[in-house]
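Colleague: I have a structure here, written as structure tokens, and I will follow up with some questions on it.
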Amino acid sequence: MTTAALTERHRPGNELARRLRRAERTSKLRAFLLVLPLLLFVIVAFVLPIGQMLFRSIDNTAPCRLIPQTCLALQSWDGTGIPGEAVYASFAQELAQLFKARSADQLGTRFNYETSGMLSLVRSTARQISKVTEGPYQPAFAAINPLWVDHATWAMIRQAVVPYTSAYYLNALDMKRDADGNIVAQPEDQRIYIAIFMRTFWIGLITTGICLLLGYPVAYLLAHVPTSLSNRLLILVLLPFWTSLLVRTTSWIVLLQSNGVVLDLLVHLGVVADNDRPTMIYNKVGTFVAMTHVLLPFMILPLYSVMRTISPLYQRAAESLGAHPAIAFLRVYVPLSLPGIGAGGLLVFILSVGYYITPALVGGQSGQLISNLIAYHMRTSLNWGLASALSAILLVAVLLLYWLYNRLVGLENTKLG
């Protein structure tokens, strides 16, 4: 190395820059090590379980674990007519093994997700085919039930034994694949999920609007009264957080029932007739009331945090220039509070579309949301794939809404800039 290069390397400015970069790397490493336990906790407790659950929406490896030889034999079937004797023979042997292991219901349950009635068909067939000791097996299956020599049945089985499937997402969108593999709509009496999704988003929007109408004046009051009074009133806003969600929800059942406090008061005031009391519980009315009560603080707090930073001088300046107080409020104050409206509205909407306990207790049949159907498939029908697909669609819709909100906020900030 030349003398000039050594001089350049050990110049005071370069040495200082190297020390600064080394100190910066050390600081970043120390900060990363401090947050590493929290990061690992989030990954283990949230990211991995959610990812595993979402994987179930496309995972379809269970049928081929139960009938592996039949899955291999179906790969050579061209999809026309019915399969050959080799498929029937392998299917008969594996059904007999499943019957002895008492696992035939697992296969029947998976097929039942595609076509109703397959669970009982597989169960009875496994019991009867286990008594058949030699082929040919195709006539034996035909004797058990004619559906086993129907092209539609085997086309469904062929679609149901692929390792990864889109059937759960199609079902979640009220669609399915026909015997030829084309995507078609579900029968009219089986189209329920799109309607439930629409109801969920509609109830979420209305709940958000009600919370905004009720929460905006409260937040405005909190932001403009003296600090000592504001702190006392803020305790009343936070008071519901100190009460169990289940207790708050069941309290509305007592208040809104036919002989409850609310209807008794309305009858006493002459608003409704005693012999014609409206139903205010186990329907959408009960859902709106209970969810608004639960979610109202989530609207007030973001509004209050924004409003307390808005100087009253802006509105006074507009009034001094001749604007009516109402016009000054709408044209000056409300636009300045839009970040709080957006944050509170987004928070309330996201919480409302994912609510489960409140709609389950007070919603009845007309007030059930998509979360209640997800819980049903998780706990009752045990169709975890469909539950995962419904959850994924709901998650994508919420993320899309959040992305749209950020874009709108970014455009607004660009205009202001």
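The values are calculated or read from the model by the stated rules, or taken from the named source; none is laboratory data. What you see is a predicted model, and the numbers here were worked out from it, not measured in a lab. All Cβ positions, glycine included, derive from the backbone under ideal geometry; neighbour counts span all protein chains shown. Side chains are part of the model used for accessible areas, which takes the heavy atoms of the whole protein and leaves out ligands, DNA and RNA. Shrake-Rupley method; radii C 1.70, N 1.55, O 1.52, S 1.80 Å.
Colleague: By the 4.7 Å beta carbon criterion, which cysteine residues of the chain come out unpaired?
Modeller: Cysteines of the chain left without a disulfide-compatible partner: CYS211.
Colleague: If you roll a 1.4 angstrom probe over the protein chains with everything in place, what fraction of the accessible area of the chain belongs to carbon and sulfur, to the nearest %?
Modeller: 65 percent
Colleague: In addition: Residue separation times 0.36 nm, minus the C-alpha to C-alpha distance between ARG30 and ALA397: what's the value?
Modeller: Net length gain for the segment: 128.4 nm.
Colleague: Roughly what would the spin-label model give for ARG127 and TRP202, points 7 Å off Cα along C-beta, in nm?
Modeller: That separation, rounded to one decimal, is 4.5 nm.
Colleague: Could I ask something else about it? What residues qualify as long-range amide H neighbours of MET175, i.e. H under 5 Å apart, gap of 5 or more or another chain, H built at 1.01 Å from N?
Modeller: GLN186
Colleague: In whole Å, how far is the Cα centre of the stretch 132-196 from that of the stretch 227-255?
Modeller: So the separation of the two Cα centres works out to 51 Å.
Colleague: Still on this structure, I have one more. Figure the gain on full extension for ALA179 and SER251 (residue separation times 0.36 nm, minus the Cα-Cα span) and round it to one decimal in nm.
Modeller: 20.8 nm is the gain from fully extending ALA179 to SER251.
Colleague: Once you have the alpha carbon radius of gyration of the stretch 20-103, what is it after dividing by 2.2 N^0.38 Å, with N set to its residue count?
Modeller: Relative to the rule-of-thumb radius for its length, the stretch 20-103 sits at 2.15.
Colleague: Let me ask another. Net charge near ALA389: determine it from the other residues with C-beta under 15 Å of the C-beta of ALA389, scoring Lys and Arg +1 and Asp and Glu -1.
Modeller: Charge balance in the 15 Å sphere: +1.
Colleague: Okay, next question. Determine the calculated [θ] at 222 nm for the chain from helices alone, applying -39500 (n - 2.57) to every DSSP H run no shorter than 4 residues and normalising by the residue count; nearest 500 deg cm²/dmol.
Modeller: Per the formula, -21500 deg cm²/dmol.
Colleague: Next up: Assign unit charges at the C-beta atoms only (+1 for Lys and Arg, -1 for Asp and Glu), then state the dipole size of the chain relative to its Cα centre in Debye, rounded to the nearest 20.
Modeller: For this selection, approximately 1920 debye.
Colleague: Also, quick follow-up: To test your reading of the geometry: what angle, between 0 and 90 degrees and rounded to tens, separates the Cα axis of helix 370-379 from the longest principal axis of the chain?
Modeller: 40 degrees
Colleague: If you don't mind, there's one more thing I want to ask. Would you mind getting the accessible area per residue of the stretch 264-417, heavy atoms of the protein chains only, 1.4 Å probe, in Å²?
Modeller: 54 Å²
Colleague: Right, here's the next one. If we count every other residue with Cβ under 14 angstrom of SER352's Cβ, Lys/Arg +1 and Asp/Glu -1, where does the sum land?
Modeller: Taking every Cβ under 14 Å from that of SER352, the sum is +2.
Colleague: Let me know the charge dipole size of the stretch 227-384 about its Cα centre in debye, to the nearest 20, where only the beta-carbon of Lys, Arg (+1) and Asp, Glu (-1) is charged.
Modeller: Values: 8 positive and 4 negative charges, 80 e Å.
Here the size comes out at about 380 debye.
Colleague: Continuing with the same structure: Grab the other residues whose beta carbon is less than 13 angstrom from that of LEU222, score K and R as +1, D and E as -1, and report the net.
Modeller: Result for the neighbourhood of LEU222: +2.
Colleague: Right, something else. Using a cut-off of under 20 Å, list every residue of the stretch 151-192 whose amide N is near the label point 7 Å from the Cα of PHE55 along the Cα-to-beta-carbon line.
Modeller: Those under the cut-off are 161-169.
Colleague: Sticking with this one: From the backbone phi of the stretch 230-242, what are the Karplus-calculated ³J(HN,Hα) couplings (6.51 cos²θ - 1.76 cosθ + 1.60, θ = phi - 60°) in whole Hz, Gly and Pro given as x?
Modeller: 3J(HN,Hα) across the stretch 230-242, in whole Hz: 4, 5, 5, 5, 5, 4, 5, 5, 7, 4, x, 5, 8.
Colleague: Whole-Hz ³J(HN,Hα) for each residue in the stretch 54-71, computed from phi via Karplus 6.51 cos²θ - 1.76 cosθ + 1.60 with θ = phi - 60°, x for glycine and proline: what do you get?
Modeller: Ordered by residue, 3J(HN,Hα) equals 5, 5, 5, 6, 10, 6, 9, 7, 4, x, 6, 6, 7, 10, x, 5, 5, 4 Hz.
Colleague: If R0 is 41 Å, what FRET efficiency do you get for SER166 and VAL409 from their C-beta distance, rounded to 0.05?
Modeller: 0.75
Colleague: Turning to a different aspect of this structure: Taking θ = phi - 60°, what integer Hz values does the Karplus form 6.51 cos²θ - 1.76 cosθ + 1.60 yield along the stretch 304-316, in sequence order, with x for Gly and Pro?
Modeller: 5, 5, 7, 5, 5, 9, 7, 6, x, 5, 4, 5, 5
Colleague: Packing-wise, with mean Cβ within 10 Å as the measure, how do 155-167, 398-410 rank, highest first?
Modeller: So the order, starting with the most tightly packed, is 155-167, 398-410.
Colleague: Name the shape class, rounded, prolate or oblate, that the alpha-carbon gyration tensor gives for the stretch 155-239, where a ≥ b ≥ c are the square roots of its eigenvalues, rounded holds for a/c under 1.5, and otherwise prolate holds if a/b is larger than b/c and oblate otherwise.
Modeller: Here the stretch 155-239 falls in the prolate category.
Colleague: Continuing with this model, one more query. Just to confirm the number: angle between the C-alpha axis of helix 245-256 and the first principal axis of the chain, 0 to 90 degrees, nearest 10?
Modeller: The answer is roughly 90 degrees.
Colleague: While we're on this one: May I ask which residue of LEU119, GLY340, LEU255 lies farthest towards the positive end of the charge dipole of the chain, with charges of +1 (Lys, Arg) and -1 (Asp, Glu) on Cβ and the Cα centre as origin?
Modeller: GLY340
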